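The values are calculated or read from the model by the stated rules, or taken from the named source; none is laboratory data. From a predicted model like this one, the values you see are computed outputs, not experimental measurements. We place every Cβ from the backbone using ideal geometry, glycine too, and count neighbours over all the protein chains shown. Ligands, DNA and RNA are stripped out before the accessible areas are found, and what is left, the full protein with its side chains, is counted by its heavy atoms. Shrake-Rupley method; radii C 1.70, N 1.55, O 1.52, S 1.80 Å.
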Amino acid sequence: MSKAIVATASLAGCFGCHMSILDIDDRILKLIELVEFNKSPIDDIKTFTKQCDVGIIEGGCCNSENVEVLKQFRKNCKILISLGECAIMGGLPAMRNGIPVKECLEEAYLGGPTVGLNSEKIIPNDDELPMILDKVYPLHEIVKIDYYLPGCPPRADLIWNAVVALLTGDTMNLPYELVKFD
Amino acid sequence: MSETVKFTIDGKECTAVKGQLLIDAAADNGIYIPLLCHMRDLVPAGSCRICTCKVNGRYMSACTTPVEPGMNIESNTAELNDIRKAIVEMLFVEGNHFCPSCEKSGNCDLQALGYKYQMMVPRFPYAFERRELEASTPKIFLEKNRCIFCKRCVRLIKDEQGRSIFAFKGRGKTLEINIDKKLAANMSDDLTMKAMNACPVGAILKKEVGFINSIGTRKYDKEPIGSDIEKIHQ
């Protein structure tokens with residue numbers, strides 16, 4: 001059997017979910033027998049070089065770059081997995097969602113207690129910077145997502161069980177302790 | 001002597017005192033019917049509908065239905081569990097429930113029901129309404145983002161003269177939980193703990209006790225909600 005090709009990305013996330021992927025301990029050796037990584041921070045491949053079987057994404061969409069990367073993943077991966085609370089519901093970055101973006105930026109760059117060095121009172125506006133969205137979006141509100149793995153971070157065993165079940169076609173082992181929202 | 005009645009829940013023969021609320025009678029017979037707004041001995045509110053059962057073929061909330069002889073009750077069925085899961089999902093998208101940053105996480109009834117029904121993602125879009133955190137009283141954080149309007153605190157928490165410390169304000173979309181700041185200033189530590197423990201979510205928090213139990217030792221880390229009820233009668 002040829003190896004499945006996996007791509008991963010962290011959008012508006014903290015990389016904690018990727019840390020949890022590494023938390024599978026010595027099973028990482030088995031993982032390498034099962035899969036080949038393509039675009040991913042794990043092997044530092046920056047752009048898709050081939051069609052992938054599984055895309056695993058942590059973090060929600062908070063800016064235009066996140067949306068672009070997410071759409072690339074949808075295009076290049078047969079199956080997309082939302083990994084973790086931020087991907088599923090926006091997570092902690094989405095705590096700004098009830099507040100208008102203008103108010104957030106003014107608090108961050110003009111009015112907040114730590115903006116002393118910003119003497120010119122500039123809200124970053126360089127063309128090179130991705131445009132911030134009106135709110136942080138869960139991934140499934142932008143593209144179709146096939147599977148969801150909750151947790152902050154999702155437990156390593158949950159990720160392992162899910163990936164193995166997906167690749168082998170077996171029923172997923174889902175004990176109570178593994179599905180947690182924190 | 002009060003009259004004893006016989007009835008069945010999912011085919012299991014049960015007995016209770018006539019007139020006892022179905023949800024309490026079920027618990028006494030070792031059957032857990034999920035609940036968020038109900039508390040034993042409080043006047044039923046019937047507000048969350050998570051305890052919806054089929055009584056003789058009709059949908060009824062178990063917390064407002066007194067048991068009658070010969071009742072045929074369905075509770076743990078695929079249809080009812082999907083309705084309950086949908087209610088949990090609606091509550092998750094209606095408020096702002098950021099579990100990773102919530103002090104109640106692991107001890108939260110709403111979250112525990114999410115675990116029980118294996119809610120991987122809500123089927124409804126998130127509302128992300130802007131709500132306030134009321135932190136000006138000395139002992140309590142009132143986190144309105146998390147309130148699910150069960151009215152437990154309104155019904156249960158009173159001062160020595162029987163005055164309610166919590167109350168609802170507004171109607172419909174503008175409904176919100178509020179705290180009487182003057183009465184709250186005189187709350188004892190015990191009453192504050194009682195309020196926090198009665199809240200099924202993390203809307204009422206006692207200040208300075210956050211994250212007191214580590215992950216793995218909290219109420220719903222290892223065992224699903226309702227296991228205590230189901231264990232008694234095994």
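For the subset of the stretch B:96-115 comprising residues that are more than 13 Å from the chain's Cα centre (by Cα) and small (G, A, S), which member is farthest from B:E143 (Cα to Cα)? Give the derivation first.
Of all residues in the stretch B:96-115, those more than 13 Å from the chain's Cα centre (by Cα) come to B:96-106, B:115.
Narrowing the set further to residues that are small (G, A, S) leaves B:101, B:105-106.
Values: B:S101: 12, B:S105: 14, B:G106: 17 Å.
Checking each candidate, the answer is B:G106.
Of all residues in the stretch A:117-157, which are of a type in the set (D, E, K, R) and part of a loop (DSSP other than H, G, I, E, B)? Lay out the reasoning, then the answer.
Initially, the stretch A:117-157 is screened for residues of a type in the set (D, E, K, R), giving A:120-121, A:126-128, A:134-135, A:141, A:144, A:146, A:155, A:157.
Correct list: A:E120, A:K121, A:D126, A:D127, A:E128, A:K144, A:D146, A:R155.
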Run A:R96 past the list (1) more than 14 Å from chain B (Cβ to nearest Cβ); (2) charged (D, E, K, R); (3) surrounded by 15 or more Cβ atoms within 10 Å (Cβ to Cβ) and report the number of the one that doesn't hold. (1)
Under 8 Å by Cβ, and 6 or more places apart or on different chains, what pairs join a residue from the stretch B:115-126 that is over 21 Å from A:I142 (Cβ atoms) and within 8 Å of chain A (Cβ to nearest Cβ) with one that is open to solvent by less than 30 Å² (accessible area, probe 1.4 Å) and part of a loop (DSSP other than H, G, I, E, B)? B:Y115/A:V179; B:Y115/A:K180; B:Y115/A:F181; B:Y115/B:Y220; B:Y115/B:I225; B:Q118/A:V179
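Take B:E74 and tell me if it is of a type in the set (D, E, K, R), over 14 Å from the mean Cα position of the chain (by Cα) and closer than 28 Å to B:K194 by Cα.
Numbers: of a type in the set (D, E, K, R): yes; over 14 Å from the mean Cα position of the chain (by Cα): yes; closer than 28 Å to B:K194 by Cα: no.
Answer is no for this residue.
Quick check: anything in the stretch A:158-179 in a strand (DSSP E or B), of a type in the set (F, W, Y) and within 14 Å of chain B (Cβ to nearest Cβ)?
no
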Condition first: buried (at least 17 other Cβ atoms within 10 Å of the Cβ) and more than 27 Å from B:L113 (Cβ to Cβ). Now tell me which residues in the stretch B:174-203 satisfy that. B:L183, B:A184, B:M187
Name the pairs whose Cβ atoms lie under 7 Å apart, with the first residue in the stretch B:151-177 and without any contact (Cβ under 8 Å) to a residue 12 or more places away in the chain and among the charged types (D, E, K, R), the second open to solvent by 50 Å² or more (accessible area, probe 1.4 Å) and part of a loop (DSSP other than H, G, I, E, B), and 6 or more positions between them or separate chains? none
Within the stretch B:29-49, how many residues turn out to be open to solvent by less than 10 Å² (accessible area, probe 1.4 Å) and β-branched (V, I, T)? 1
Can B:M187 be described as within 14 Å of chain A (Cβ to nearest Cβ) and outside any helix (DSSP H, G or I)? no
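Quick check, is A:K180 open to solvent by less than 70 Å² (accessible area, probe 1.4 Å), free of Cβ contacts under 8 Å to residues at least 40 places away in the same chain and among the basic types (K, R)?
Values: open to solvent by less than 70 Å² (accessible area, probe 1.4 Å): yes; free of Cβ contacts under 8 Å to residues at least 40 places away in the same chain: yes; among the basic types (K, R): yes.
Yes: the conditions hold for A:K180.
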Here the residues within the stretch B:50-92 that are open to solvent by 10 Å² or more (accessible area, probe 1.4 Å) and within 12 Å of chain A (Cβ to nearest Cβ) are B:F92
Please verify whether the stretch B:98-107 includes one or more residues that are away from chain A (no Cβ under 14 Å), open to solvent by less than 20 Å² (accessible area, probe 1.4 Å), assigned to a loop (DSSP other than H, G, I, E, B) and touching a residue at least 60 places away in the same chain (Cβ under 8 Å). no
